[in-house]
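Could you have a look at this structure, given as structure tokens, before my questions?
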2 protein chains.
Amino acid sequence: MNTVHENRRVIVARRPSGLPVPEDFELLPAPAEGPGVAADVLYVSVDPYLRGRLSGRHVTGPIAPGDAMDSELIVRTVQDSAVGPAGTLARAFGTWQDRVHLSEDALVAVAPELDPPSLALGVVGMPGLTAFAGVRRILQPAPGETAVISSAAGPVGATVGQLCKAAGARAIGIAGSEAKRTWLVQEAGFDGCIDRHGSVRDGLRALCPDGVDMYFDNVGGDVLQAVMERLAPNARVALCGLMDQYNQDEAPPGPNPGLIIRARATVRGLIVYDHEDLRPQMEEALGGRIRDGSLVFREAVFDGLEAAPAAFCRLMAGETFGKTVVRVR
Amino acid sequence: MNTVHENRRVIVARRPSGLPVPEDFELLPAPAEGPGVAADVLYVSVDPYLRGRLSGRHVTGPIAPGDAMDSELIVRTVQDSAVGPAGTLARAFGTWQDRVHLSEDALVAVAPELDPPSLALGVVGMPGLTAFAGVRRILQPAPGETAVISSAAGPVGATVGQLCKAAGARAIGIAGSEAKRTWLVQEAGFDGCIDRHGSVRDGLRALCPDGVDMYFDNVGGDVLQAVMERLAPNARVALCGLMDQYNQDEAPPGPNPGLIIRARATVRGLIVYDHEDLRPQMEEALGGRIRDGSLVFREAVFDGLEAAPAAFCRLMAGETFGKTVVRVR
């Protein structure tokens with residue numbers, strides 16, 4: 001409360017066109033004081049859904065030029081509040097700045113044993129809940145079935161694959177770099193991984209000879225098309241992200257509905273906010289697996305609030321590996 | 001068995017290109033005798049899925065040039081068999097001909113009270129089972145919700161709408177002629193009906209102001225696109241038919257997957273053969289509703305085996321109204 005320092009925030013300078021560039025954002029002074037609980041920001045969550053908000057087409061609402069960027073944060077309170085004494089770690093949605101003032105009821109304590117605390121933004125946070133809900137409520141893996149996961153090295157994809165493996169299914173990833181594919185197979189236990197920039201169809205033919213029983217889609221576009229062509233009967237498909245079109249101004253068409261009919265597939269849209277009821281179970285299950293080493297994860301950490309625009313641009317270019325966060329302090 | 005008459009069958013003369021024409025078929029002599037139970041054909045079922053078989057892309061297998069057309073038939077046996085004494089009414093899959101010889105275990109008795117017996121090919125047959133399974137297992141209507149049904153005057157669509165109404169939901173049809181739309185509203189109790197050849201988007205906006213909770217799709221294409229743009233949260237979509245593309249050689253793309261995500265919709269492919277377990281319940285429920293007058297239906301009856309090609313061509317052009325059958329005798 002009594003630390004005096006310059007406060008800064010990340011503002012949208014202009015609506016990105018196509019792939020965002022750092023010049024789409026500006027770092028500007030922010031008010032030092034405000035209503036609510038003062039808190040120092042430790043981590044800022046950088047997520048693909050923010051691109052949709054910048055285009056004005058996301059369920060959580062737009063971020064327009066002149067607005068501050070906002071997403072989930074990990075903060076340390078600098079005054080006593082309902083969430084605990086000053087110094088308590090908490091997560092909350094807030095603007096990308098050095099110090100924020102947050103409504104008391106927006107703060108949720110972060111378990112102190114969570115190491116690093118940024119996990120509450122990643123595999124034990126929203127991405128973890130996305131993966132947990134998608135596997136539990138949509139994919140419903142059975143032993144011997146084959147799951148395919150796109151953007152497999154991201155925090156959602158890698159967790160989906162590992163949960164499918166834990167249920168006795170096979171997990172095949174799709175990822176855009178050799179380093180990611182190697183990590184997925186050698187560290188995360190995936191049964192194979194397909195080069196997103198190669199022939200996804202050929203990869204699926206080789207690695208999913210009996211078809212795809214489950215598909216967790218984070219990208220849409222050609223990858224979705226290729227997987228839909230190979231669905232096994234009674235396949236389950238979770239549509240979660242559209243990385244391939246977030247940077248486009250127009251929404252492209254999707255796969256022919258005949259592919260869904262032919263496979264008698266069930267295709268469901270997954271929005272994590274609908275599954276908040278699973279969060280306690282998710283925290284226990286995934287937190288436990290991280291502690292016992294049966295769930296591995298990667299983080300792409302960018303240091304300093306000033307690095308946030310670059311972090312977001314590199315995420316959207318597919319150049320980050322693991323959960324992207326900005327470590328503000 | 002001892003009736004001697006000329007036996008004829010409908011053969012595919014060539015693979016249809018686009019909309020089928022009667023010249024794609026030929027009526028040729030068929031063998032008078034054969035292995036199995038001899039039976040006179042009373043009705044031939046004429047269904048849109050046959051177009052997919054003619055293109056070689058249907059789950060039930062292709063029908064190639066030189067092959068006889070085949071689909072479900074209502075027959076009267078002319079000899080005693082496991083299904084009953086000579087003269088028993090039965091249904092079975094078989095070729096489009098005057099008299100057939102069928103494997104004994106392929107015959108299923110048709111309840112004698114079914115009037116007309118062609119109902120066993122329509123609202124109390126495969127189309128009825130399609131509707132019943134789609135409503136029960138995919139749409140799951142709740143009171144006050146809104147269902148939209150394309151090809152609404154067909155035996156599947158009209159039954160889906162009436163079952164949704166019976167569950168307390170609103171039913172909005174999409175149909176291609178004024179006569180169909182009038183019948184759907186005035187006779188079948190639909191709450192409204194949209195002209196398929198007009199602006200489906202405008203119609204949906206007017207008749208589904210709170211969005212579409214359930215959609216039963218028989219057509220694909222632009223109609224599917226328009227409805228997907230208007231899905232309400234947690235919508236359920238049954239993909240059952242692709243009337244718009246059966247006559248096309250190439251499968252066109254479908255709606256953008258973002259529409260499914262935004263609505264957190266559940267989209268399922270419906271193939272009736274997966275739901276055979278529901279048939280007894282369907283027969284009891286829909287047969288009962290027909291007897292008590294709470295379920296209405298239409299048939300488009302073409303007389304004589306020689307009329308079968310025209311019946312099929314008119315069905316595929318959207319020119320028949322109700323369940324299309326050929327009354328062979």
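Read the figures in this text as sums done on the coordinates, not as results from a lab. Only a predicted model underlies this, so the values are computations on that prediction, with no experimental measurement involved. Neighbour counts run over all protein chains shown; Cβ positions are idealised from the backbone, glycine included.
What number, in percent, do you get for the relative contact order of the stretch A:14-171 if the mean sequence gap of Cα pairs under 8 Å and at least 6 apart is divided by its residue count?
For the stretch A:14-171, the relative contact order is 18 percent.
Per-residue mean of other chain beta-carbon atoms within 10 angstrom of the beta-carbon, peptide B:266-275? Working shown, then result.
Values: counts 5, 9, 9, 15, 3, 5, 0, 1, 3, 1.
For this peptide, the per-residue mean of nearby foreign Cβ atoms is 5.
Straight-line reach from B:Lys180: which lysines have a Cα under 16 Å away, not including same-chain ones fewer than 8 places off?
Reachable lysines: B:Lys323.
Sticking with this structure for a sec: In terms of the Cα gyration tensor, with a ≥ b ≥ c the square roots of its eigenvalues, is the stretch B:138-212 rounded because a/c is under 1.5, prolate because a/b exceeds b/c, or oblate?
Oblate is the answer for the stretch B:138-212, as a/c is 1.5 or above yet b/c matches or exceeds a/b.
While we're looking at this one, here's another question. Shape call for the stretch B:126-273 from the C-alpha gyration tensor, a ≥ b ≥ c root eigenvalues: rounded (a/c under 1.5), prolate (a/b greater than b/c) or oblate?
It comes out rounded by the Cα gyration axes.
Can you list the aspartates and glutamates whose alpha carbon sits under 15 Å from that of A:Lys165, skipping same-chain ones fewer than 8 residues off?
A:Glu145, A:Glu187, A:Asp191, A:Asp213
Would you mind classifying the protein assembly as shown by shape? Square roots of the alpha carbon gyration tensor eigenvalues, ordered a ≥ b ≥ c; an a/c under 1.5 is rounded, otherwise it is prolate if a/b is larger than b/c and oblate if not. All intermediate terms of the calculation are to be shown ahead of the outcome.
Values: a/c = 2.67, a/b = 2.28, b/c = 1.17.
Prolate is the answer for the protein assembly as shown, as a/c is 1.5 or above and a/b outweighs b/c.
Name the long-range amide H neighbours of B:Val37: under 5 Å, sequence gap of 5 or more, or other chain; modelled H, no Pro or chain starts.
B:Leu102, B:Ser103, B:Glu104
How many partner chain Cβ atoms sit within 10 Å of a residue's Cβ in peptide B:218-229, on average, as a whole number?
Per residue, the average neighbour count from other chains is 1.
Other chains near A:73-83: what is the mean number of their Cβ atoms within 10 Å of each residue's Cβ?
The mean count of partner-chain Cβ atoms within 10 Å per residue comes to 0.
Another question, then. With each pseudo-label sitting 7 Å past Cα toward Cβ, what's the B:Asp202-B:Ala232 distance in nm, one decimal?
Result: 2.5 nm between the two label points.
Between the alpha-carbon centers of the stretch A:287-329 and the stretch A:62-119, tell me the distance in whole angstrom.
Here the answer is 17 Å between Cα centres.
Same structure, new question: How would you order A:134-142, A:279-287, A:216-224 from highest to lowest mean count of nearby Cβ atoms within 10 Å?
A:216-224, A:134-142, A:279-287
Report P(r) for chain B: all Cα-Cα distances, bin width 10 Å, range 0 to the bin holding the largest distance, values in whole percent.
Binned Cα distances yield the sequence 6, 26, 33, 23, 9, 2, 0.
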